[in-house]
1. Given the range 366-484, what helices (runs of 4 or more DSSP H) lie entirely inside it while holding 2 or more residues that are under 30 Å from the mean Cα position of the chain (by Cα)?
2. Among the residues that make up the range 537-549, is at least one of them part of a helix (DSSP H, G or I) and either in contact with a strand residue (DSSP E or B) (Cβ under 6 Å, 6 or more places away or on another chain) or of a type in the set (V, I, T) (or both)?
3. Examine the range 446-457 for a residue that is under 24 Å from I327 (Cβ atoms), surrounded by 22 or more Cβ atoms within 10 Å (Cβ to Cβ), of a type outside the set (G, A, S) and in contact with a Lys or Arg (Cβ under 7 Å, 6 or more places away or on another chain), and state whether such a residue exists.
4. May I ask you to list the residues in the range 254-287 that are under 19 Å from Y434 (Cα atoms), in contact with a helix residue (DSSP H, G or I) (Cβ under 8 Å, 6 or more places away or on another chain) and not in a loop (DSSP other than H, G, I, E, B)?
5. Scanning the range 528-574 for residues that are β-branched (V, I, T) and more than 19 Å from F628 (Cα to Cα), which turns out surrounded by the fewest Cβ atoms within 10 Å (Cβ to Cβ)?
6. Pick out the one residue from F70, F53 that is of a type in the set (A, V, I, L, M, F, W, C), surrounded by fewer than 19 Cβ atoms within 10 Å (Cβ to Cβ) and in contact (Cβ under 8 Å) with a residue 24 or more places away in the chain.
7. Being in contact with an Asp or Glu (Cβ under 9 Å, 6 or more places away or on another chain), not β-branched (V, I, T) and not in a strand (DSSP E or B) is the filter here, so list the residues in the range 191-206 that pass it.
8. Looking only at the range 641-653, decide whether some residue is part of a helix (DSSP H, G or I) and surrounded by 18 or more Cβ atoms within 10 Å (Cβ to Cβ).
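The values are calculated or read from the model by the stated rules, or taken from the named source; none is laboratory data. All figures in this text were calculated on a predicted structure; none of them were measured in a lab. Cβ placement follows ideal geometry from the backbone for every residue including glycine, while neighbour counts extend to all protein chains displayed.
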Amino acid sequence: MTRKNIWMKHIWSAVIAVVYSFSIETVRAQAVPASSQTAQSNTYLVSANERDFLARFIFSTISEHSNINFEYVHYPEFGARLKAVQTGQIDFAANITYTRARSNLFIFSQPTNIEPTYLFSQKGQSFESMNTVGTSMYTAFTDIIQKYYPNKRVIDFNNNDVAYYAIKKGHIDGYIGTFLQLEEFLNAGFKATQINDQVSIPPVSIITNKEENRALLRRFNLIISQETVQKQLREKLDEYISSIAVKHLRQLMHDSDIDGSLPIRILLTQSKPYVFLNDAGNVAGISVDFAKQICALNALKCQFTYHSVQPLSKLTLPENDIEYDVITPVSSSYKLSHFKRGLPPVNHKTYVNLEGVIAKRMGYKDQVHKHVSELFSEKVGVIANGIFAKIAEQLLPNKEFIYFSDSENLLNGLRNRTIDYAVTDRVTLNKILYDKKTFDIVEDPYFSDFYTPELQFGFADTQRGRALSQLFSRTLDFVDAESITLSYQPPSNWKEVFEQKQEQQRSFVVNLLLVLLALVTLLFGFVTNHRANHDALTKLRNRHSLNRIAKQSLGKGNCLIYIDLNEFKHVNDTYGHSVGDQVLKCYAKLLNKVIDGNIYRIGGDEFVVISPINEGSLKFILPKLESFEFVVRQQHVTLQLTASMGVFLSDVSDLTIKDLLVYTDLAMYEAKGDAVTRSVIIDKYKLETIKRMHHSTLHSLPPKLDAVV
């Protein structure tokens, strides 16, 4: 749907220019009565219509950002303004469109802005439908139309009154003018449509005819093209055009037969996205926004009543004494009943064109049907008593349709396979699919356009209703219809955006699972490694862990202690293996308490300690490890247990741990054979003694670590 309007459309077409970011010094501008010469060297003359606020804003802004002042000289006619610059009487003029012919007469700045341009006509006809158009004499519109629209005839006018007469008599179909002519043509009863996006109208510039001013034009353009200035320029245009629209509508309201003291009662019938209750429980929708803007522009006291009935084709109003002045949305295809004491309504002024579409499940019979009439054997769903129900019944007169109460249930019928095709409109379909984030239902693009009904405001056929109809019809020209409609429609690429988000979410989940898998793998590896290298009973390192470092040297500053619990077999045999296990755990706890280092359990009752313990510290540590008490709680017996140890002092030899285990094992057995000494310490001399005493044994025995580890 495309509707051209006046008071909002200018927002996006107000200013386009090259943007620069230069800082300019600031000085106040002065606007004084015109004179034939400048009052001082840095003051220049500007030709401008006395109502041309835009030119004054441009030059006053330049003054605020520079040390240049301007005086304005009033020229009511456009041609006279150009002539004054051409003859050198005036220095500058703003809002002048570049043409090849003018480039021979003037020096043009870079484009500064686009001037809002309007097409004035009696009935709001489109520019495409017109054959003969008028425009102001000496403007660039004549050259533009002849260049880009050679089939259209252009007539120049030098007087608005003559142009009014020509339009009313049909001599011209419409008249192209600037925003400065907007108020006059509206007051003359003509409709205005902004056409900057329809007709190839180039931007405007500042002109001069003096070569010494050429550098100033470049300076002016740097100032005007700043982002803040462009924004101010747009806001000024907004305020001006909006004020004209409101002023015109208020005058129409004043001249009408409508009693402004009485509220305008508007009935809103449910039809999402045109009328519906939002999440906050408030009435919202396209039709609601149209009605609210019309009421606001005309300063009407409007009372809205929401009626939860879906069909747009038939409506039975509540049986009460409330009289409604307006009803919406209604279709131009139907006549409503029971409206305003039984009087037939006047459906007037379309504000939305519905585009009928056929929806189906994704992948269902692609490119099989092309016309609605071909669906005679399919399961087709429509809204009961809805707009598209009637046209579907006409196209398939003998068809049994499946009826639904509203659009959401209609699409749910597609999803659960109650129906195979749904007849609806494009805006409603896209809105529901977007809100529900549904991808399994699509519009069937293979169907040709079959029906385009119009949504309108309905008015009672009374004097008040007719007056409201005319007022609403006129006001719709000033409503930004496209912005309202687009605000309730999803972005054109919403499916792609949503699919990208879903893909990002899927990637996130996959990456998260990979991270979790990696963490689980690391944890599993850690646990497996821990179990492989630690004793399950005592939680000490095991013989496998010791075997991994067996070929390494002991390391500087470390000593190695080989420990064997005495009479441990007797404990197991006497008190049981459970007590024996507790004894081992008790001794392991003692080792951890006394020694700071690596402790290994390499056999049933054998332990190995590798720790940075010096010879002096051993005197205090070894006695704590040589004997300990253990209480057998079940039998109330305290056991006095002992351990025999072979201790290899630090830095005695660079033998490997595997070799040291052999010597400390021999020293440990030597300690076992001595009833007094529990520990045998191996220093350099003791090491040589052991080697001599056990020379033959050391060569005949397999490596000690292989035997115990």
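1. Numbers: elements: 387-395, 407-415, 426-436, 463-475.
The helices (runs of 4 or more DSSP H) meeting that bar are 407-415, 426-436.
2. The initial filter retains those residues of the range 537-549 that are part of a helix (DSSP H, G or I), namely 543-547.
Narrowing further to those that are either in contact with a strand residue (DSSP E or B) (Cβ under 6 Å, 6 or more places away or on another chain) or of a type in the set (V, I, T) (or both): 546.
Within the range 537-549, one or more residues are part of a helix (DSSP H, G or I) and either in contact with a strand residue (DSSP E or B) (Cβ under 6 Å, 6 or more places away or on another chain) or of a type in the set (V, I, T) (or both).
3. Yes: the range 446-457 contains one or more residues that are under 24 Å from I327 (Cβ atoms), surrounded by 22 or more Cβ atoms within 10 Å (Cβ to Cβ), of a type outside the set (G, A, S) and in contact with a Lys or Arg (Cβ under 7 Å, 6 or more places away or on another chain).
4. Correct list: S271, V275, I286.
5. Among those that are β-branched (V, I, T) and more than 19 Å from F628 (Cα to Cα), it is T528.
6. Details: F70 fails: surrounded by fewer than 19 Cβ atoms within 10 Å (Cβ to Cβ).
Of F70, F53, the one residue that is of a type in the set (A, V, I, L, M, F, W, C), surrounded by fewer than 19 Cβ atoms within 10 Å (Cβ to Cβ) and in contact (Cβ under 8 Å) with a residue 24 or more places away in the chain is F53.
7. At the first step, the residues of the range 191-206 found to be in contact with an Asp or Glu (Cβ under 9 Å, 6 or more places away or on another chain) are 191-193, 196, 198, 201, 203-204.
Checking which are not β-branched (V, I, T) leaves us with 191-192, 196, 198, 203.
Matches in the range 191-206: N196, Q198, P203.
8. Step one: filter the range 641-653 for residues part of a helix (DSSP H, G or I), giving none.
No: zero hits.
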